[in-house]
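The values are calculated or read from the model by the stated rules, or taken from the named source; none is laboratory data. All figures in this text were calculated on a predicted structure; none of them were measured in a lab. So basically every Cβ, Gly included, is an ideal-geometry build from the backbone, and we count neighbours across all protein chains shown. Side chains are part of the model used for accessible areas, which takes the heavy atoms of the whole protein and leaves out ligands, DNA and RNA. Shrake-Rupley method; radii C 1.70, N 1.55, O 1.52, S 1.80 Å.
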Amino acid sequence: MQVVAGVDLGGTAINYTLANSQEQFLIEGLFEYPSLAKQGPDVCLRQIEDGLRNAAEKANVLVSDIAAVGLDTPGPASAAGLLSAKGSTNFVHPNWAGFDIREALAKRLGKPVTYLNDGNAGALWGHFTIFGANSRETSISVVIGTGLGGGIIIDGNVVKGRMGFGGELGHVLIPYQSIPGTTGLTPECNCGRIGDLESVCSLTAIEKSLLPFFLARYPGHDLANLADLHHAAKLVRGLADRGDTMCREIFRVQAHALGLFFDEMINTFDPDALIVGGGALEASQEFQRWFIEEIRAGMPTQREEQADIPILVMPHGDTAGARGAAIEALKLSRQSGLA
């Protein structure tokens, strides 16, 4: 049985999945293996290979049955998998600088390997869940985590761009000043920009900007008693899910920021679907419905013909990267006649 694998390489864990030619995933949920990326390429690639062997065993297939492997990693990297010469948070070892991770993994495994950044892989998974692997539709996906990733799928294909930076949605500037209740807020992104989407809509945004801003307006709030702002920021979503007034305000601002951003995307791409995923949406269905409604509320008035574009929650968000990477590998295997 010919199958493909998806490998989602993160800073602390590698998540694996396998899929057959009928687009059926052979591993349910997370199948994680420790990531040793910080120990450099040699150790990390060996760890990926070892984990792939274990994933194949869990899926009850042979490693020799794997026709192609899809790999995704955090950036910055080129569209072909050449890591930035300046390194990144997850690739701090000096030997990663300018390293061609896709080519090196292909040589180690003796199999074709495709490459996506983790945001684009998640976007491809979100698109697949709605339209399937051979679709011609267009979708815009946003994945809200520590930062903000995502991707653009046009005619079923990931927009990678000239240097691999296509779909860097977190760094698109938005008119955040128009969001009610944010007068005096100056959200700065880690990239240095003021008012891009990630600076308002991410866990980092909560810690750096939104939580301090709103605690000044809710001085008696329980989170004001916590000395560790990073820890306090991680508690905001859970409290918002339970209806806490201040924390709901923080997520309302994030939802309205998404509304402004999606309006820009609608007028640029006229997509078939808008998709939201990531840790911010790992919450109750009631909270998810409320958040989607607030995104709509934050959007400027749309043309009548565009007002019905659906906004959907990405399912299985914790496995999105690996599954999206597997879909990209499945496309390659079909084009090459491998599956």
Next on the checklist: Which one, GLN306, ILE194, ASN225, is farthest towards the positive end of the dipole of the chain when Lys and Arg carry +1 and Asp and Glu -1 on their Cβ?
Outcome noted: ILE194
Next on the checklist: In region 312-339, whose amide N lies under 19 Å from the spot 7 Å out along Cα-to-Cβ of SER21? List them in ranges.
Outcome noted: 326-339
Checklist entry - Each residue of region 261-278 in turn: what ³J(HN,Hα) in whole Hz from Karplus with 6.51, -1.76, 1.60 and θ = phi - 60°, glycine and Pro shown as x? => result 5, 4, 4, 4, 5, 4, 6, 9, 10, 6, x, 7, 7, 10, 10, 10, x, x
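Using a simple charge model, +1 on the beta-carbon of Lys and Arg, -1 on the beta-carbon of Asp and Glu, nothing else, what dipole does region 223-339 show about its Cα centre, in debye to the nearest 20?
Values: 11 positive and 17 negative charges, 78 e Å.
Roughly 380 debye, rounded to the nearest 20.
Please state the charge dipole magnitude for region 1-78, taken about the Cα centre, from unit charges on C-beta atoms (+1 on K and R, -1 on D and E), reported in debye and rounded to the nearest 20. Please list the in-between numbers first.
Values: 4 positive and 10 negative charges, 32 e Å.
Around 160 debye, computed over region 1-78.
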Next on the checklist: Could you tell me the center-to-center distance, by alpha carbons, between region 177-231 and region 58-97 in angstrom?
Outcome noted: 33
Checklist outcome for this item: Whole-percent carbon and sulfur contribution to the accessible surface of the chain (1.4 Å, no ligands, DNA or RNA) stands at 49
Checklist entry - Quick one: accessible area per residue over the chain, 1.4 Å probe, rounded to a whole number of Å²? => result 43
Checklist outcome for this item: For the chain (alpha-carbon point model, no solvent) the Debye-based log₁₀ I(q)/I(0) at q = 0.07, 0.10, 0.11 Å⁻¹ works out to -0.29, -0.59, -0.71
Checklist entry - Once you charge only the Cβ atoms, +1 for Lys and Arg and -1 for Asp and Glu, what is the size of the charge dipole of the chain about its Cα centre, to the nearest 20 debye? => result 680
Checklist entry - Once both axes come from the Cα atoms, what is the angle between helix 229-241 and the longest principal axis of the chain, in degrees from 0 to 90, rounded to 10? => result 80
Checklist entry - Where both partners of a DSSP beta bridge lie in the chain, what percent of those bridges are antiparallel, to the nearest 5? => result 55
Checklist entry - So what's the angle, to the nearest 10 degrees on a 0 to 90 scale, between helix 41-58 and the longest Cα principal axis of the chain? => result 80
Checklist entry - Hey, how many Å between the Cα centroid of region 153-171 and the Cα centroid of region 232-249? => result 32
